[in-house]
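Data first, discussion second: the structure below is written as structure tokens.
The values are calculated or read from the model by the stated rules, or taken from the named source; none is laboratory data. Keep in mind that this is a model prediction, so the values were computed, not measured. Backbone-built Cβ (ideal geometry, glycine too); neighbour counts: all protein chains shown. Quick note on the areas: whole protein, heavy atoms, side chains included, nothing else; ligands and nucleic acids left out. Shrake-Rupley method; radii C 1.70, N 1.55, O 1.52, S 1.80 Å.
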Amino acid sequence: MVLRAAAFHHFDVLRTLMHCTNGLQYFLTLLHFFLIEKEQQEAIEHIDEVQNEIDRLNEQASEEILKVEQKYNKLRQPFFQKRSELIAKIPNFWVTTFVNHPQVSALLGEEDEEALHYLSRVEVTEFEDIKSGYRIDFYYDENPYFENKVLSKEFHLNESGDPSSKSTEIKWKSGKDLTKRSSQTPNKAGKKRQHEEPESFFTWFTDHSDAGADELGEVIKDDIWPNPLQYYLVPDMDDEEGEGEDDDDDEEGLEDIDEEGDEDDGEEDEEEDDGDDGEVCPK
């Protein structure tokens, strides 16, 4: 009797679904979505497994790359030393390099540029493990601005990934503190970029507000230091503009000469025509 009642119950349910508007279609749709969702969930789980393998390989690659960087960083040191010795033979090498660099030049006022004429050497040193930070050293000859022979700024990244920086305290000579002269006149490069009252380049040594986004430090380490010669050899834009103006003047002069020549030729042709009109053919 129980089995019979159960059979009748399922039959009643099925009959109800059949008689309901689109009831069976609704049931099949739900079943379809259920199967699709199950397939998608399984795919997501497999994707996650594959992604874990990719992440593991990326970590392994980072470790291997770091070892290679550490190896070649040591191999480069003798060449950096040799390059510094050769640069020392060229007067005003570093001030010229900085002035020619578009990002650094925008930070330089006229007095900053004067002070940088005493800069004799720049050194960038990455810490042995590379990933924990680096230091930039600026070596100065005796100068009228400050007592320091070396100005340094260090950037550190601790184990938790928090960046920080520290630098040498500049011992300014009396009345020579450039960081207190916010109204310095921008140099030529600064004028081109229309900077108003730029802060002194030397305020960089006292700014530790955002060590993780120190643009000047990154520019010196990653752009200038690997090959400073490319910026030292950049031609003076003012000279290029002057040469361009001279070329334009020369071209205009040639055009004027050509035009005068054309006018003279035109006059000669007219005279010849007049002469021909005056001739009388012999009878």
Does residue 68 satisfy the condition of being over 26 Å from residue 169 (Cβ atoms), of a type in the set (Val, Ile, Thr) and not in a loop (DSSP other than H, G, I, E, B)? yes
With the condition kept exactly as written, say whether any residue in the stretch 182-197 is at pLDDT 95 or above and over 22 Å from residue 70 (Cα atoms). no
Inside the stretch 101-111, the number of residues satisfying the requirement of being surrounded by 19 or more Cβ atoms within 10 Å (Cβ to Cβ), in a helix (DSSP H, G or I) and not hydroxyl-bearing (Ser, Thr, Tyr) is 1
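Considering every residue within the stretch 158-167, establish whether at least one is under 30 Å from residue 72 (Cα atoms), of a type in the set (Ser, Thr, Tyr) and at pLDDT below 85. First the steps, then the outcome.
Of the stretch 158-167, the ones under 30 Å from residue 72 (Cα atoms) are 158-167.
Filter again for of a type in the set (Ser, Thr, Tyr), leaving 160, 164-165, 167.
Imposing the further condition that a residue be at pLDDT below 85 reduces the set to 160.
Within the stretch 158-167 (the criterion being under 30 Å from residue 72 (Cα atoms), of a type in the set (Ser, Thr, Tyr) and at pLDDT below 85), the answer is yes, since at least one residue qualifies.
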Residues of the stretch 112-157 classified as open to solvent by 60 Å² or more (accessible area, probe 1.4 Å) and over 18 Å from residue 81 (Cα atoms), total: 10
Restricting to the stretch 49-89, and then to whatever is basic (Lys, Arg) and open to solvent by 90 Å² or more (accessible area, probe 1.4 Å), can you tell me which residue is nearest to the chain's Cα centre (by Cα)? 76
Residues of the stretch 139-173 satisfying the condition of being in a loop (DSSP other than H, G, I, E, B) and among the basic types (Lys, Arg): 149, 171, 173
